[in-house]
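Asker: Below you will find the structure I want to go over with you.
The values are calculated or read from the model by the stated rules, or taken from the named source; none is laboratory data. On a predicted model such as this, the values are computed, not experimentally measured, just so you know. No Cβ is skipped: glycine too gets one built from the backbone with ideal geometry, and neighbour counts run over all protein chains shown. Note: accessible area is taken over every heavy atom of the protein model, side chains too, but ligands, DNA and RNA are not part of it. Shrake-Rupley method; radii C 1.70, N 1.55, O 1.52, S 1.80 Å.
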Amino acid sequence: MIRTGAKRGLALAALLALGACAGGSNIASVPAEERSAIEQRLTRDIAILASDEFEGRKPGTLGEERTVAFITEEMQKAGLVSGTNDPGSAWRAPVQLVRTKPFTSRIEFKLGRRKVELKADAAAAFTMRRRELVEAAPLLFVGKEAESVAPEDIVGRVVIMLGEPGVSPSRRATLFESNPAAIITIVEDDAAMSRVNRAYGRERTMLASEAEGALTAFATQAAMTDVFGEKAWDKLVKSADEGDFAPLEIGESATVEATSERVEFTSYNVIGKLPGAVPNSGAVLLLGHWDHLGAECGAEDAEDRICNGAVDNASGIAVMLELTRRLKAMGAHDRDIYLLATTAEEAGLLGARAFAEAPPVPLNSIVGAFNFDTVAIAPAGSSVGFIGEGETPLDPIILDVMQKSGRRLGDSDYAARFVRRQDGWALLGEGVPAVMLTTAFGSEITTGPYLSGNYHGAGDELDTIVLGGAIDDLLLHQEIVSRVANTGLYSPPAE
């Protein structure tokens, strides 16, 4: 069975084939000399953003300051005004972040007079705070239950739950709502514990508003056998699968302690605006993330450890800036056009989420948002990946421009895999019609080698970029955005 998006893609492909036979159209295209000039400007901007001087553009570093200053300067040169709508913080919208890295942990059980401290290779505890300690808290074994456990039974206790791949995260989240002292998730073996340490033991960046204390711990089945004895622990585990299972208060206690290296800092989204000519007609948003992974992301023994992120996402910022210059040169548009360069996308779309929480304009006034991310890997003439197809009212105008400009729609199913992995997702979740149109994600044949090669590595350098498809994307966006910004050509559907 072909899903709806794929059917639409096949229909569009047929239309494009007819257009090609009929001679095509000149919209969203420019002469070769102009393409060459665009390529030179894109290469210049990418070279600056992906230079060692910018140190991999990690939030909270000197590399951020240089990046934010460069983007702001280019927006000013292009004739934009500040889009923060905050006179006290022009151009820069502060985003409060917390960066933590686990340091030490300790889990100790007390059974009568006996104390058992779990070995470091069989257990670990984690916190986003500098230190969190729970001493001699009573134990509650919940097995595989979560929603059915009474909140008054959970609060203040160390909860022991059995891990279940794919289910444990949501189960923990439900249990944490009832304010336990800590949660210890029991994983199968040492291999599972190694996966936990890889996932939780790395440096993490979060919005300060979400970096609350939650003492999360893990231990292996073997470690729990050492604590309770094989027979008693086996009986507990088997009881969790019985139909009449009820959470069990264990007449023992546990001490759980975790510390972390924690840094609180302010990062910045950069926001510019091309003011529109028709007041109160809504806004169009162009966005792309400026951040990358920093100066120490490559292998420890490598000569070059800087992850410069030429493709991801110096290229997206460069295309967005060049598009803005061209939109400005077209004269005033009806609607305001905002430019948003976000921070901390790599850490979980944090800058876009911060924008959605405190936007400079009401989110419901944004009639269309277009994201630019990882655009410089496809040659000219490549099919276009439509990320967000079928999710917004923008489909008809986008598909119409693509058909008239002779652009081919790429693999819809493949593009759909990336909807949640880009900044537009943070806006879609708030009702903003956000899409990403890029030749870079038109097919797995194009994207796959990059994702399995230089992606998030020190090899993502200027000499690897391919700008043919990125220029196609830029020209396509110029046509689409100028139409969406025109009140006579595009009206969002009534709510």
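Asker: When only the heavy atoms of the protein chains count and the probe is 1.4 Å, how do Glu132, Glu391, Glu39 rank by accessible area, highest first?
Answerer: Listed by decreasing accessible area, they come as Glu391, Glu39, Glu132.
Asker: OK, next. Looking at the square roots a ≥ b ≥ c of the eigenvalues of the Cα gyration tensor of the range 86-166, which shape do they give, rounded for a/c under 1.5, prolate if a/b is larger than b/c, or oblate?
Answerer: prolate
Asker: What FRET efficiency would be calculated for the residue pair Glu152, Glu261, taking the C-beta separation as r and a Förster radius of 30 Å, to the nearest 0.05?
Answerer: According to the calculation, E is roughly 0.25.
Asker: If you wrap a convex hull around the C-alpha atoms of the range 331-473 and split its volume per residue, what is the figure in Å³? Display every interim value, and only then the final one.
Answerer: Values: hull volume 18.8 nm³, N = 143.
Roughly 131 Å³ of hull volume per residue.
Asker: Say the dipole of the chain comes from +1 at the beta carbon of Lys and Arg and -1 at that of Asp and Glu; which of Cys297, Ala181, Ile337 then lies farthest toward its positive end?
Answerer: Of the candidates, Ile337 comes out farthest on the positive side.
Asker: Work out how much length Lys235 to Gln40 would gain on full extension: take 0.36 nm times their residue separation and subtract the Cα-Cα distance, in nm to one decimal.
Answerer: So the chain would gain 63.2 nm between Lys235 and Gln40.
Asker: Counting residues in the range 47-112 as N, plug N into 2.2 N^0.38 Å and put the Cα Rg over that result.
Answerer: Working: Rg = 20.1 Å, N = 66, 2.2 N^0.38 = 10.8 Å.
Scaled against compact globular proteins, the figure is 1.86.
Asker: Taking the Cβ of Gly143 as the centre, find all other residues whose Cβ is under 14 Å away and add up their charges (Lys, Arg: +1; Asp, Glu: -1).
Answerer: So the environment of Gly143 carries a net charge of -4.
Asker: Rounded to the nearest 10 Å², what accessible area does Tyr268 show when all protein chains are kept and the probe is 1.4 Å?
Answerer: Answer for Tyr268: close to 60 Å² accessible.
Asker: Further question: Using a ≥ b ≥ c from the Cα gyration tensor of the range 218-374 (square roots of the eigenvalues), is it rounded, prolate or oblate, where a/c under 1.5 gives rounded and otherwise the larger of a/b and b/c decides, a/b for prolate?
Answerer: Prolate, since a/c reaches 1.5 and a/b exceeds b/c.
Asker: Provide the solvent-accessible area of Leu80, counting protein heavy atoms only and rolling a 1.4 Å probe, rounded to the nearest 10 Å².
Answerer: Its accessible surface works out to 10 Å², give or take rounding.
Asker: State to the nearest 20 debye the size of the charge dipole of the chain about its Cα centre, where the only charges are +1 on K and R beta carbons and -1 on D and E beta carbons.
Answerer: Details: 48 positive and 70 negative charges, 122 e Å.
The calculated dipole for the chain is roughly 580 debye.
Asker: Over the heavy atoms of Glu264, what accessible area does a 1.4 Å probe trace out, to the nearest 10 Å²?
Answerer: 110 Å²
Asker: Roughly speaking, what is the centre-to-centre gap between the range 441-495 and the range 302-372 when only Cα atoms are used, to the nearest Å?
Answerer: 12 Å
Asker: Okay, moving on. Quick one: grab the alpha carbon gyration tensor of the range 108-235, order the square roots of its eigenvalues as a ≥ b ≥ c, and give me rounded if a/c is under 1.5, else prolate or oblate depending on whether a/b is larger than b/c. Mind dumping the intermediate values first?
Answerer: Values: a/c = 1.41, a/b = 1.22, b/c = 1.16.
Because its axes are fairly even, with a/c under 1.5, the range 108-235 counts as rounded.
Asker: Order Val484, Val361, Val167, most accessible first, counting only protein heavy atoms with a 1.4 angstrom probe.
Answerer: Val167, Val361, Val484
Asker: Quick check of the Kirkwood formula: for the range 404-449, what is the inverse mean of 1/r over all pairs of different Cα atoms, in Å?
Answerer: 11.7 Å
Asker: Sort Lys58, Lys238, Lys101 from largest to smallest accessible area, using a 1.4 Å probe on the heavy atoms of the protein chains. Don't skip to the answer; put the middle values down first.
Answerer: Numbers: Lys58 50, Lys238 120, Lys101 95 Å².
The ordering from most to least exposed comes out as Lys238, Lys101, Lys58.
Asker: Place a label point 7 angstrom from the Cα of Leu363 along the Cα-to-Cβ direction, then list the residues of the range 413-437 whose backbone nitrogen is under 18 Å away.
Answerer: 419-436
Asker: Also, quick follow-up: Calculated from DSSP H runs of 4 or more alone, at -39500 (n - 2.57) each and per residue, what is the 222 nm mean residue ellipticity of the chain, nearest 500? Intermediate values should be presented prior to the final figure.
Answerer: Values: 15 runs with 161 residues, N = 495.
Computed mean residue ellipticity for the chain: -10000 deg cm²/dmol.
Asker: I want to verify the translational diffusion coefficient of the chain in µm²/s; compute it with Stokes-Einstein, Rh as the Kirkwood radius over Cα pairs, at 4 °C and 1.567 mPa s.
Answerer: Calculated translational D: 52 µm²/s.
Asker: To the nearest 20 debye, what is the magnitude of the charge dipole of the range 231-342 about its Cα centre, counting +1 on the Cβ of each Lys and Arg and -1 on the Cβ of each Asp and Glu? Please report the intermediate quantities before stating the final value.
Answerer: Numbers: 10 positive and 19 negative charges, 207 e Å.
Result for the range 231-342 is approximately 1000 debye, rounded to the nearest 20.
Asker: Once you put a point 7 Å from the Cα of Glu53 and another 7 Å from the Cα of Glu303, both along the Cβ direction, what distance in nm separates them?
Answerer: Placing both labels 7 Å beyond Cα along the Cβ direction yields 2.3 nm.
Asker: Just order 318-325, 111-118 by mean Cβ neighbour count inside 10 Å, highest at the front, would you? List each step's numbers first, then the result.
Answerer: Details: 318-325: 24.5, 111-118: 12.8.
Most protected by this proxy first, the peptides run 318-325, 111-118.
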